[in-house]
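**Q** Right, I'll just put the structure down here and ask away after.
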Amino acid sequence: MAEQLQYTVKYANRTTIGIHITEEAKVEIRAPYGTDEATIRRVLNEKREWIRKAVEKVADRNHEKALPSDRYFDGALFTL
């Protein structure tokens, strides 16, 4: 069973629907004013696999940023 996709919708003066993955690995839909919910859900369903991979990639990148890194100082190795 597929899990429910959490997303926010931002309406703007534009002509296409865009999908943006934030730095916090959240899905943001950017849609033209007047776009109905059924159209947004259809686009999300069509792009579900791309969204999953993109969210995973951003989440992994954020996880790597949070990990301590090793640094050399005066020839000695330090873990930060």
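**Q** For region 1-65, what is the relative contact order in percent, using Cα pairs closer than 8 Å and at least 6 residues apart in sequence?
**A** Relative contact order here is 31 percent.
**Q** Moving on to the next point. With the Cα gyration tensor of region 1-44 giving a ≥ b ≥ c as the square roots of its eigenvalues, does the rule (a/c under 1.5 for rounded; else a/b larger than b/c for prolate; else oblate) give rounded, prolate or oblate?
**A** Judged from the Cα gyration tensor, region 1-44 comes out oblate (a/c at least 1.5, b/c at or above a/b).
**Q** Along Cα→Cβ, 7 Å out, is where each label goes; now give me the distance between the ones at ALA25 and VAL58 in nm to one decimal.
**A** 1.1 nm
**Q** In addition: Using a simple spin-label model with points 7 Å from Cα along the Cα→Cβ vector, what separation in nm is obtained for GLU49 and GLN6?
**A** Going from the GLU49 label point to the GLN6 one covers 2.6 nm.
Computed from the coordinates by the stated procedures, all read-outs in this text should not be read as laboratory data. Owing to the predicted nature of the structure, the values given are computational and were not obtained by experimental measurement. FYI the Cβ positions are ideal-geometry reconstructions off the backbone, even for glycines, and counts take in every protein chain you see.
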